[in-house]
Amino acid sequence: MTSSANHGGAARFVSNPAARFVARRLLYSIVVMLGVLIVVFMLVHLVPGDPVRIALGTRYTPQAYDALRSASGLDRPIVEQFFGYIGSALTGNLGVSFRNGDPVTVTLLERLPATVSLAIVGIIIALLIALPAGIWSALREGRVSDAIVRVTSQFGVSIPDFWMGILLIAVFASTLHWLPTSGYRPLFDDPGGWLQHIILPGLTVGLVAAAIMTRYIRSAVLEVAATGYVRTARSKGLSPRVVTMRHTVRNAAIPILTITGIQLATILGGVIVVEVVFAWPGLGRLVYNAVAARDYPVIQGAVLLIAALFLLINLIVDMLYALVDPRIRLS
Amino acid sequence: MTTRETTGAAEEQSRIAAVRLLAGNPVTVVSAVVLAMVAVVAVTAQWIVPFGINDVDVPNALRPPSGEHWFGTDELGRDVLSRVLVGVQASMRVAVVSVAFAVVVGVTIGVVAGYRGGWLDTVVMRIVDVMFAFPVLLLALAVVAILGPGITTTILAIGIVYTPIFARVARAATLSVRVEPFVQVSRTMGTGHLYMLVRHILPNITGPLIVQTSLSLAFAILSEAALSFLGLGIQPPQPSLGRMIFDSQGFVTLAWWMAVFPGAAIVVAVLAFNLFGDGLRDVLDPKQRTMIEARRRAGADIGGRRRAGADIGGRRRSG
């Protein structure tokens, strides 16, 4: 720290463990994002044969071929294409759709709200189930109720989400007629319709996530419950409620926060099938349709966006970590 | 010579203890029996089906389960049971081959990176991190987008998706074995790298790999079902559980059996692999094992606590 006389602020920043932690995570995320960009760029070049020809299919004419090829930049040298792609991606330009010529970025932004609202509703449902179930099960470790929660959650992890969605539609929409079978209403245009339409897909996403999260939360609480300070708290005569709420659950908050973040990111990237089942106009169904139509720029853009969101959420979780955990903040 | 004999005896003893522990857990035993049945179906499906999988019998379409058609018939009068059995076979084939691919490639990468260390390790693990940034199904869809739909693509897609997990598990296990005294001693004795890897490293990292294999088979079945559901996996007329569920959507109120039985078949197989994997972990993870043994001996709850997150296999976050 001899240079701290000259660069006091910077040195203090670097010597602050929390800031150093965040800076390291940020740098790491940037490196991984660069790798993601390279993979996404390569996607269209790994296609055996000519991607433009494949994308055009029966619509092929020499004129259409030449037009699409030069519009997508695929006629330029590969190195030029690579730097061109990275450069435009960084400025938010992800090219145009092979199918309808629409700018990919605009399409993605149109689809994003539907997916984000589904993911948020899903994670809320998951937390509402998993928090009480996981904590309860951990506090009753080894008893029958714990076994029931464990078996149920293991069951939930093993159910295909699309199957659960179809069964929910069969019961609550087709038979009981309580809820619509599919479709989407934007939240701000029609809040009532939005709620009606989001319940079944939200439940489908939420129940699967709840099964996974219950198991993590149970383990997290169990780990804290085995520590010395919980035993001390108990032996000095604190009531079980105080021990549970103030000592056990509070200290399990960090792993719970982590799994919530990871699960949210997983939902954002994993709702493809659920969106198809419920005709939900989000990113997932966009990717699905684009894969079926071999619309490579749309696939590339969507994959890039989802991977970026995934990394971003992980980064935010890490930063919250630094904020919440005094061991990182103050050490 | 004597050392080798002692080691052999100790290994043998440890193996017997492991089997006894496995057999002592009723959940693990039941899941093992279910898996054995799934394996039998996977091998013999084409001989045990009561009807031809594509025998159309329109007058008998959409019949509910009966003595003749245990799982009912679909919209073309085809026997649902026969199609489920062959679907299970197809699922298992895809799952086994793709996970085998992931094990071979992933373990090779992970062991070499962990053993060699240095820049190679850094580069390989950063590539693994990048692959972890893509959600499972999305990565599989990207592979399908490149190669076009079909069973070979499905196998390759699932194999590629699960390779990084095995690379990471194998690397972590290798790192912990590499610092063991017997490896150090062997190295000072001038043992060659290949011999060291095959003789010392690989046998000592099989525990976590076996657990991961069981859990990955569960996820592979789910991934194949999802891809086939989307029409990008196993292609008709070959039946697949995922596609059967897709086809059932139009008949869900008329013929519940078309949706319920293929889905139940997936759940049974996946659940069995998950539970079996959990049982294996309890036995193969040395920390878990001492706790279970201590608990059994004490006959009471001594408190075998699990590490947070160690409970669940599958993909973990990067970093």
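The values are calculated or read from the model by the stated rules, or taken from the named source; none is laboratory data. All figures in this text were calculated on a predicted structure; none of them were measured in a lab. FYI the Cβ positions are ideal-geometry reconstructions off the backbone, even for glycines, and counts take in every protein chain you see. With ligands, DNA and RNA removed, areas are computed over all heavy atoms of the protein, side chains included. Shrake-Rupley method; radii C 1.70, N 1.55, O 1.52, S 1.80 Å.
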* Hey, if you put +1 on the Cβ of every Lys and Arg and -1 on every Asp and Glu Cβ in chain A, which of A:A210, A:V230, A:G156 ends up farthest toward the positive end of that dipole? -> A:V230
* To do: Report, as an integer, the average count of C-beta atoms from other chains found within 10 Å of each Cβ along A:251-261.
  => 1
* Highest average packing first - A:102-112, B:263-273, Cβ atoms within 10 Å -> B:263-273, A:102-112
* List, largest first, the extents of the alpha carbons of chain A along their principal axes, each in whole Å. => 84, 74, 38
* Pairs of Cα atoms under 8 Å, at least six residues apart: use those to get the relative contact order of chain A, whole percent. => 26 percent
* ³J(HN,Hα), Karplus 6.51/-1.76/1.60, whole Hz, each residue of the stretch A:63-80, x for Gly, Pro -> 5, 4, 4, 4, 4, 5, 5, 6, 5, 8, x, 6, 8, 8, x, 5, 5, 4
* Can you work out the FRET efficiency for the pair B:I48 and B:I16, with r the C-beta to C-beta distance and R0 = 41 Å, to the nearest 0.05? -> 0.70
* Structure fact -> Restricting to Cα pairs under 8 Å and 6 or more apart, the percent relative contact order of the stretch A:77-190 works out to 11 percent
* **chain A, helix-only ellipticity at 222 nm - DSSP H runs n ≥ 4, -39,500 (n - 2.57), divided by all residues, nearest 500** => -23500 deg cm²/dmol
* To do: Starting from the residue with the highest accessible area, list B:V185, B:V169 in decreasing order, probe 1.4 Å.
  => B:V185, B:V169
* Once you average over the residues of A:48-54, how many Cβ atoms of partner chains fall within 10 Å of each Cβ? -> 1
* To do: Would you mind classifying the stretch B:48-109 by shape? Square roots of the alpha carbon gyration tensor eigenvalues, ordered a ≥ b ≥ c; an a/c under 1.5 is rounded, otherwise it is prolate if a/b is larger than b/c and oblate if not.
  => prolate
* **Residue-span extension gain [A:L34 to A:Q63] - 0.36 nm each, minus C-alpha spacing** => 6.9 nm
* For the stretch A:6-126, what size does the Cα cloud have along each of its three principal axes, sorted from largest down, in whole Å? -> 65, 45, 23
* Asked: Over the stretch A:251-331, what number does the Rg to Rh ratio reach, with both radii from the alpha-carbon atoms and Rh per Kirkwood?
  -> 1.16
* Kirkwood Rh, Cα Rg: Rg to Rh for the stretch B:3-299? -> 1.06
* Asked: Ordered by residue, what ³J(HN,Hα) values in Hz, to whole numbers, does the stretch A:26-39 give under the Karplus form 6.51 cos²θ - 1.76 cosθ + 1.60, where θ = phi - 60° and Gly and Pro are x?
  -> 5, 4, 4, 4, 5, 4, 5, 4, 4, x, 4, 4, 5, 4
* Structure fact -> For the protein assembly as shown, the accessible surface attributable to carbon and sulfur atoms (probe 1.4 angstrom, ligands and nucleic acids excluded) amounts in percent to 67 percent
* Quick one: how many Å² of A:H247 are accessible to a 1.4 Å probe, rounded to 10? -> 40 Å²
* Structure fact -> Calc'd 3J(HN,Hα), the stretch B:35-48, phi into Karplus 6.51 cos²θ - 1.76 cosθ + 1.60 (θ = phi - 60°), Hz, glycine/Pro = x, comes to 4, 4, 5, 4, 4, 4, 4, 4, 7, 10, 3, 5, 9, 9
* To do: Send over the per residue convex hull volume for the protein assembly as shown, Cα only, as a whole number of Å³.
  => 225 Å³
* For A:V96, distant residues with modelled amide H under 5 Å away -> A:V104
* To do: Express the relative contact order of the stretch B:123-168 as a whole percentage, based on alpha carbon pairs under 8 Å and six or more residues apart in sequence.
  => 47 percent
* **FRET efficiency estimate (nearest 0.05) - Cβ-Cβ, B:F251 to B:L147, R0 45 angstrom** => 0.90
